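Taking it in order: structure first as structure tokens, then the write-up.
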Amino acid sequence: MVENKELTIDELTTFCKREGFVYPSGELYGGLAGFWDFGHLGVELKNNIKREWWKTHVHSREDLVGIDGAIITNPKVWEASGHVANFLDVAVVCKKCGNKTKIDKHELGKAKCDKCGGEFLNKGEFNPMFMTNVGAIKEDSIKAYLRPETAQLIFANFKAIQENARLKLPFGVAQIGKAFRNELSPREFIFRCREFEQMEIEYFIAGGMKCPYMDEITGVEIEIYSEEMQKSGEKGKKMKVIDAWKKGIIKTDWHAYWLALEYSWFLSLGANPGKFRARQHSKEEKSHYASDTWDLEYKFPMGFRELQGFANRGNYDLTQHEKYSKKSMSINDSEVGRVLPEVVCEPSLGVERAFMLFLLEAYEYDEKRKNVVLHLDPLLSPIKAAVFPLVNKGEVFEMSREIYHDLLEEFPVVFDKSGSLGRRYSRQDEIGTPFCITTDNETVNDKSVTIRERDSTKQIRVKIKDLRDSLRKLINDDLKFEDAGKVVNTRVK
Ligand code: GAP
């Protein structure tokens with residue numbers, strides 16, 4: 001968490017391209033709006049975010065399993081889910097500046113252009129699902145859709161997942177994967193893309209089951225901005241999430257629990273609590289399937305925006321699939337008997353938005369060092385360590401190569417022998433590498449190396465035989481840096 005910078009979206013875009021995090025897709029031919037390619041560091045950061053999310057939400061929990069559904073499925077799934085008929089936006093064009101954008105139906109006649117305040121011209125409804133043909137021979141092919149959310153594959157497979165994984169209510173099913181929306185105006189870097197990834201959970205209960213995990217969230221506080229506060233022109237109020245539920249502002253214990261848990265996940269990876277708020281959707285803005293929705297919002301450079309949605313979908317989806325497939329979706333639960341469960345909360349997060357958040361939080365231009373320092377949590381850092389030989393030949397060099405190859409067996413590590421040591425440090429600072437390891441003449445004598453910590457620039461001396469173990473503990477925050485070796489003084493920052 002770094003306080004001293006306010007990056008603009010353009011600066012973030014430039015930084016990501018310069019360092020190899022994100023490029024406009026197909027830039028060689030002018031790019032394609034809403035599509036982005038992740039570079040050699042971007043893919044690592046993205047994978048690390050997904051891995052940490054999966055670890056917290058699937059591997060560490062008794063009540064959740066994961067699936068990986070297909071991007072293209074039987075189009076009946078999207079008829080049943082209501083996406084074909086109801087997943088609609090209104091396209092509008094500003095009469096003054098020509099800005100093209102989409103608005104919700106209920107905003108027609110009220111919304112003004114966010115660029116110049118001008119009035120909008122209604123260009124009609126559109127469905128943002130991408131269509132494609134399945135089948136090589138045109139006459140035999142069928143029209144299908146690229147999925148606009150991952151969630152629906154969980155509902156369509158619900159019975160099989162519950163039976164195969166022998167899940168007992170309450171339980172959840174998680175999924176990470178691509179989703180596609182033909183957004184009218186993709187914008188703000190990767191905030192609104194046409195191809196993106198979602199990390200979603202459908203959490204099922206029945207018969208008003210109480211959330212047994214509320215004691216895990218007792219200390220979690222956030223700015224709450226309910227529908228009522230918005231309509232009466234009040235500001236949001238900072239309060240404990242559990243109190244918002246007790247006062248009836250958040251209607252269900254499950255909704256409060258998931259909101260608090262997801263917010264805490266971001267904080268555990270270094271996000272600044274002051275930049276979040278929980279905002280309830282107004283009656284008019286809720287999706288066709290939702291009875292109550294809260295967004296976890298984050299203060300991006302363009303203002304508070306949706307980071308993650310939490311919809312109460314009830315039994316809308318399972319009922320719809322029963323109706324369209326004419327197959328029962330109810331399950332036989334050992335406690336409640338035969339029941340059609342309801343989704344009491346659906347935490348749904350875009351990977352790209354989490355990616356932006358973690359970079360915005362980590363970025364700092366360090367005036368003393370005269371370079372960017374990316375203070376990413378080591379668990380998210382694309383590269384975990386860099387190995388620098390101080391001498392480019394002989395035994396010192398050979399030993400540094402051996403250390404590098406040994407560490408490579410466990411972590412993404414780079415080897416850099418070019419330029420001054422200061423320059424090598426700054427290269428790693430800029431991409432968020434938490435630890436730099438140098439070998440020098442002493443290394444040959446005492447079989448030890450120097451580790452320099454990115455954020456403090458402090459250095460310690462560690463025996464080579466302990467290096468891999470110490471590095472693992474440092475990355476996982478199981479060991480304090482000063483306790484990992486003998487602190488040494490040095491002038492090179
Ligand atoms: N299954 C529920 C669902 O899809 P949503 O609010 O439409 O709900 C959930 O999307 C999350 O997916 C959002 O909170 C956001 O993080 C991400 N998301 C949605 N559309 C996106 C887009 N065009 N580009 C990037 N991320 C997007």
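Nearest 20 debye, what's the magnitude of the dipole of the stretch 57-186 about its Cα centre given +1 on Lys and Arg Cβ and -1 on Asp and Glu Cβ?
Details: 19 positive and 15 negative charges, 81 e Å.
It works out to roughly 380 debye.
Where does helix 42-54 land angle-wise versus the long Cα axis of the chain, in degrees 0 to 90, nearest 10?
Roughly 60 degrees between the two axes.
Would you calculate the convex hull of the Cα atoms in the stretch 183-284 and tell me its volume per residue in Å³?
Numbers: hull volume 16.8 nm³, N = 102.
Taking only Cα atoms, the stretch 183-284 has a hull volume of 165 Å³ per residue.
Over the chain, average the accessible area per residue using a 1.4 Å probe and give it in Å², no decimals.
Working: 22820 Å² over 493 residues.
I get 46 Å² per residue for this part.
Excluding same-chain residues fewer than 8 positions from K286, which lysines have a Cα within less than 16 Å of its Cα?
Within the straight-line limit of under 16 Å, K286 reaches these lysines: K102, K105, K231, K251.
May I ask which residue of P148, C97, G30 lies farthest towards the positive end of the charge dipole of the stretch 26-173, with charges of +1 (Lys, Arg) and -1 (Asp, Glu) on Cβ and the Cα centre as origin?
Ranked along the dipole, the leading option is C97.
Radius of gyration and Dmax for the stretch 328-462's Cα atoms, expressed in Å?
22.8, 74
Place a +1 charge on the Cβ of each Lys and Arg in the stretch 359-493 and a -1 charge on the Cβ of each Asp and Glu, then give the dipole magnitude about the Cα centre in debye, rounded to the nearest 20.
Details: 24 positive and 25 negative charges, 103 e Å.
That gives a dipole near 500 debye.
Over the stretch 132-195, how many percent of alpha carbon pairs lie in each 5 Å bin up to the one with the longest distance?
Reading the bins upward from 0: 3, 13, 16, 15, 14, 15, 12, 8, 3, 0.
Sequence gap at least 6, Cα distance under 8 Å: using those rules, report the relative contact order of the stretch 48-123 to the nearest whole percent.
Relative contact order of the stretch 48-123: 22 percent.
Quick one: angle between helix 464-475 and the longest Cα principal axis of the chain, in degrees between 0 and 90, rounded to 10, please.
Approximately 30 degrees, to the nearest ten.
Using only alpha carbons, build the gyration tensor for the stretch 34-80 and give me the equivalent ellipsoid semi-axes, biggest first, whole Å.
Values: eigenvalues 127, 97, 9 Å².
That gives 25, 22, 7 Å for the three semi-axes.
So if I place +1 on the C-beta of Lys and Arg and -1 on the C-beta of Asp and Glu, and nothing else carries charge, what would the dipole magnitude of the chain be about its Cα centre? I want it in debye, nearest 20. Walk me through the numbers before you get to the answer.
Numbers: 75 positive and 77 negative charges, 162 e Å.
Using only the charged Cβ atoms, the result is roughly 780 debye.
Could you give me the ³J(HN,Hα) list for the stretch 341-355, computed from phi with Karplus coefficients 6.51, -1.76, 1.60 and θ = phi - 60°, whole Hz, x at Gly and Pro?
Per-residue couplings from phi come out as x, 10, 8, 7, 7, 10, x, 10, 10, x, 4, 4, 5, 5, 4 Hz.
Once you order the gyration tensor axes a ≥ b ≥ c over the Cα atoms, which shape class does the stretch 1-106 get: rounded for a/c under 1.5, otherwise prolate or oblate by comparing a/b with b/c? Present the calculation step by step, with values, prior to reporting the outcome.
Values: a/c = 1.72, a/b = 1.01, b/c = 1.71.
Taking the square roots of the gyration eigenvalues as a ≥ b ≥ c, the stretch 1-106 is oblate.
Find the Cα radius of gyration of the stretch 404-468, compare it with 2.2 N^0.38 Å by division, and give the number to two decimals. Walk me through the numbers before you get to the answer.
On the way: Rg = 11.7 Å, N = 65, 2.2 N^0.38 = 10.7 Å.
Expressed relative to 2.2 N^0.38 Å, the Cα Rg reads 1.09.
Kindly rank 86-96, 62-72, 377-387 from highest to lowest mean number of other beta carbons found within 10 Å of each residue. Walk me through the numbers on the way to the answer.
Working: 86-96: 17.1, 62-72: 14.0, 377-387: 22.9.
The densest-packed peptide leads the list: 377-387, 86-96, 62-72.
Compute the helix-to-body angle for 394-408: its Cα long axis versus the longest principal axis of the chain, expressed 0 to 90° and rounded to tens.
Once rounded, one gets 20 degrees.
Cα centroid distance between the stretch 321-335 and the stretch 158-225, in Å?
Going from one Cα centre to the other spans 21 Å.
Using the scaling law 2.2 N^0.38 Å as the reference, what is the normalised Cα Rg of the chain?
1.09
Between the stretch 245-280 and the stretch 21-62, what is the separation of their alpha carbon centroids in Å?
Here the two parts' Cα centres lie 24 Å apart.
Wrap a convex hull around the Cα atoms of the stretch 361-424, take a quarter of its surface area, and give that in square nanometres. Don't skip to the answer; put the middle values down first.
Values: hull surface 20.2 nm².
The number I arrive at for the stretch 361-424 is 5.0 nm².
Could you work out the equivalent-ellipsoid semi-axes for the stretch 267-343, taking the square root of 5 times each eigenvalue of the Cα gyration tensor, largest first, in whole Å? Numbers along the way, then the final one.
On the way: eigenvalues 237, 53, 18 Å².
Semi-axes (√(5λ), whole Å): 34, 16, 9.
Expressed as a rounded percentage, what relative contact order does the chain have, with Cα pairs under 8 Å and six or more residues apart? Numbers along the way, then the final one.
Working: 931 pairs, mean separation 62.8, N = 493.
Reported as a whole number, the value is 13 percent.
Check the straight Cα-Cα distances from K240 and name the aspartates and glutamates below 15 Å, setting aside those fewer than 8 residues away within the same chain.
Filter leaves D215, E216, E221, E223, D253, E262.
Which aspartates and glutamates does K393 reach when only Cα atoms under 20 Å apart count, and residues fewer than 8 places away in its own chain are ignored?
E402, D406, D416, D440, E442, D446
Heavy atoms only, probe 1.4 Å: what % of the accessible area of the chain goes to carbon and sulfur, would you let me know?
49 percent
Taking every pair of distinct Cα atoms and averaging 1/r, then inverting, what Kirkwood hydrodynamic radius in Å comes out for the stretch 194-250?
After inverting the mean inverse Cα-Cα distance, the result is 14.0 Å.
Are any of the pairs K168/K326; K95/K235; K55/K417 more than 27 Å apart by Cα-Cα distance, and if so, which?
Values: K168/K326 24 Å; K95/K235 32 Å; K55/K417 35 Å.
Table pairs above 27 Å Cα-Cα are K95/K235; K55/K417.
Give me the percent relative contact order of the stretch 19-85, please, defined on Cα pairs under 8 angstrom at least 6 residues apart.
Details: 39 pairs, mean separation 13.5, N = 67.
Dividing the mean separation by the residue count of the stretch 19-85 yields 20 percent.
Mean projection of the alpha-carbon convex hull of the stretch 97-237 over all orientations, in nm²? List each step's numbers first, then the result.
Values: hull surface 59.9 nm².
Directional mean of the projected Cα hull area for the stretch 97-237 stands at 15.0 nm².
The values are calculated or read from the model by the stated rules, or taken from the named source; none is laboratory data. Nothing here was measured: the structure is a model prediction, and the numbers come from that model. All Cβ positions, even for glycine, are placed from backbone atoms using ideal geometry, and neighbour counts span all protein chains on display. The area values use the complete protein model at the heavy-atom level, side chains included, leaving out ligands, DNA and RNA. Shrake-Rupley method; radii C 1.70, N 1.55, O 1.52, S 1.80 Å.
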